[in-house]
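K.L.:
This structure is in structure tokens; I'll ask about it shortly.
The values are calculated or read from the model by the stated rules, or taken from the named source; none is laboratory data. Because the structure is predicted, anything quoted here is derived from the model rather than measured. Note that we place each Cβ from the backbone using ideal geometry, even for glycine, and neighbour counts take in every protein chain shown. Surface accessibility is based on the protein's heavy atoms, side chains included, excluding ligands, DNA and RNA. Shrake-Rupley method; radii C 1.70, N 1.55, O 1.52, S 1.80 Å.
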Amino acid sequence: MERKESGNDSDAFGFKFLTKTSYAPPSWASHLAPIPSHVFSLGHFPTPIHKWNLPNLPHNTEVWLKRDDLSGMQLSGNKVRKLEFLMADAVAQGADCIITIGGIQSNHCRAAAVAAKYLNLDCYLILRTSKVLVDQDPGLIGNLLVERLVGAHIELISKEEYSKIGSVTLTNILKEKLLKEGRRPYVIPVGGSNSIGTWGYIEAIKEIEQQLQTGTGGVKFDDIVVACGSGGTIAGLSLGSWLGTLKAKVHAFSVCDDPDYFYDYTQGLLDGLNAGVDSRDIVNIQNVSVYMTFKNILMNILMNGKQPTPPTTTQ
């Protein structure tokens, strides 16, 4: 194929995918440290934002969706943004394999396995399951099928042992084993949620700002609603919204652990970036029941804070 390149034509033709480029943070985040030197293009960004026409919403309230589920089916939603920075850091450190950990059907582990395959890195997964199943073949169900298709090495650990030993120690034990074998492993924590991964959702706020600038209708978001399973997404969203022009309040609903745990964990991520802000000042974290509907969540926000002017955004 012969063609002439001009401007951003290469992006339009998809040639940016899997490329490693120098990273420049948003101007409002330039004082944070450390700033990643590079980022890999692994996802399909920007993801669209559209209005969700829910019936019977409170007066003067709108709900909009940021469709990060469209960031790439193989790499799975919000996991991709973190991995763009984490995988670039792994390559920069000369890693030849990655280690990460999660539940038996962890979307993060699946995404990490696919990203590693794209970049010719081996992937080692520690997956948490029941004591009854830990010595059995996990099969090819759900995310396990994708992980095995891309050649990931899988170790199973019981939920009891996981709770007793902890994810950090488990990944470090495997790291030491691989180092003794002459490998160069790079450890990615649960959910990709560390200070490096947090940059994925700092960058997402910049993306939302740009979409609002180029959109029509003078849309302004008052609140961002998101689930919380490991902490990195809410750390990036809340810090980016607080530092940038968006100024939307982030509401996180924890699907595991309790709010105090996530406030403390998020604080550690913020401190790791020298953000100089208290997590409790920039994000509201609440427990969520599996039986709680989105409308229940929305009403909870409206009743426990100021009545928002339209629109409200969710992820």
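K.L.:
When Gly215 is evaluated against the numbered criteria (1) in contact with a Ser or Thr (Cβ under 8 Å, 6 or more places away or on another chain); (2) over 23 Å from Gly192 (Cβ atoms), which criterion, by number, is the only one it fails?
P.N.:
(1)
K.L.:
Within the stretch 52-63, can one find any residue that is open to solvent by 40 Å² or more (accessible area, probe 1.4 Å), over 14 Å from the mean Cα position of the chain (by Cα) and assigned by the TED database to the domain that holds Lys175?
P.N.:
No, that holds for no residue.
K.L.:
Related question: Among the residues of the stretch 94-115, write down those that are more than 13 Å from Lys159 (Cβ to Cβ) and either among the aliphatic types (A, V, I, L, M) or open to solvent by less than 10 Å² (accessible area, probe 1.4 Å) (or both).
P.N.:
Ala95, Cys97, Ile98, Ile99, Thr100, His108, Cys109, Ala111, Ala112, Ala113, Val114, Ala115
Residues checked against (1) free of Cβ contacts under 8 Å to residues at least 24 places away in the same chain; (2) out of contact with any Phe, Trp or Tyr (no Cβ under 6 Å at 6 or more places or on another chain); (3) farther than 28 Å from Ala33 by Cα; (4) open to solvent by 50 Å² or more (accessible area, probe 1.4 Å):
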residue: Ile154; (1), (2), (3), (4): no, yes, yes, no
residue: Lys159; (1), (2), (3), (4): no, yes, yes, yes
residue: Lys220; (1), (2), (3), (4): no, yes, yes, yes
residue: Leu237; (1), (2), (3), (4): no, no, no, no
residue: Trp242; (1), (2), (3), (4): no, yes, no, yes
residue: Asp264; (1), (2), (3), (4): yes, yes, no, yes
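K.L.:
Just give me the residues in the stretch 189-218 being out of contact with any Pro (no Cβ under 7 Å at 6 or more places or on another chain), open to solvent by 20 Å² or more (accessible area, probe 1.4 Å) and of a type in the set (A, V, I, L, M, F, W, C), in sequence order.
P.N.:
Val190, Leu212
K.L.:
Another question about this same structure. Look at Tyr186 and say whether it is open to solvent by 30 Å² or more (accessible area, probe 1.4 Å), of a type in the set (Phe, Trp, Tyr) and at pLDDT 95 or above.
P.N.:
It is false that Tyr186 is open to solvent by 30 Å² or more (accessible area, probe 1.4 Å), of a type in the set (Phe, Trp, Tyr) and at pLDDT 95 or above.
K.L.:
Also, quick follow-up: Going by the conditions given, is Leu170 of a type outside the set (Val, Ile, Thr), crowded, with 18+ Cβ neighbours inside 10 Å and not assigned by the TED database to the domain that holds Tyr263? Reasoning before the result, please.
P.N.:
Values: of a type outside the set (Val, Ile, Thr): yes; crowded, with 18+ Cβ neighbours inside 10 Å: yes; not assigned by the TED database to the domain that holds Tyr263: yes.
Considered against the rule, which asks whether it is of a type outside the set (Val, Ile, Thr), crowded, with 18+ Cβ neighbours inside 10 Å and not assigned by the TED database to the domain that holds Tyr263, Leu170 comes out as yes.
K.L.:
Okay, next question. Go through Arg184, Arg148 for me and flag whichever is at negative phi, more than 19 Å from the chain's Cα centre (by Cα) and in contact (Cβ under 8 Å) with a residue 40 or more places away in the chain. Break it down into steps so the answer makes sense when it comes.
P.N.:
Working: Arg148 fails: in contact (Cβ under 8 Å) with a residue 40 or more places away in the chain.
Of the residues listed, the single one that is at negative phi, more than 19 Å from the chain's Cα centre (by Cα) and in contact (Cβ under 8 Å) with a residue 40 or more places away in the chain is Arg184.
K.L.:
Determine if the stretch 124-144 includes at least one residue that is crowded, with 17+ Cβ neighbours inside 10 Å and basic (Lys, Arg).
P.N.:
yes
K.L.:
Which one of these is under 23 Å from Gly240 (Cβ atoms), among the acidic types (Asp, Glu) and not in a loop (DSSP other than H, G, I, E, B): Glu147, Glu84, Glu155?
P.N.:
Details: Glu147 fails: under 23 Å from Gly240 (Cβ atoms); Glu155 fails: under 23 Å from Gly240 (Cβ atoms).
Within the list Glu147, Glu84, Glu155, the selection yields Glu84.
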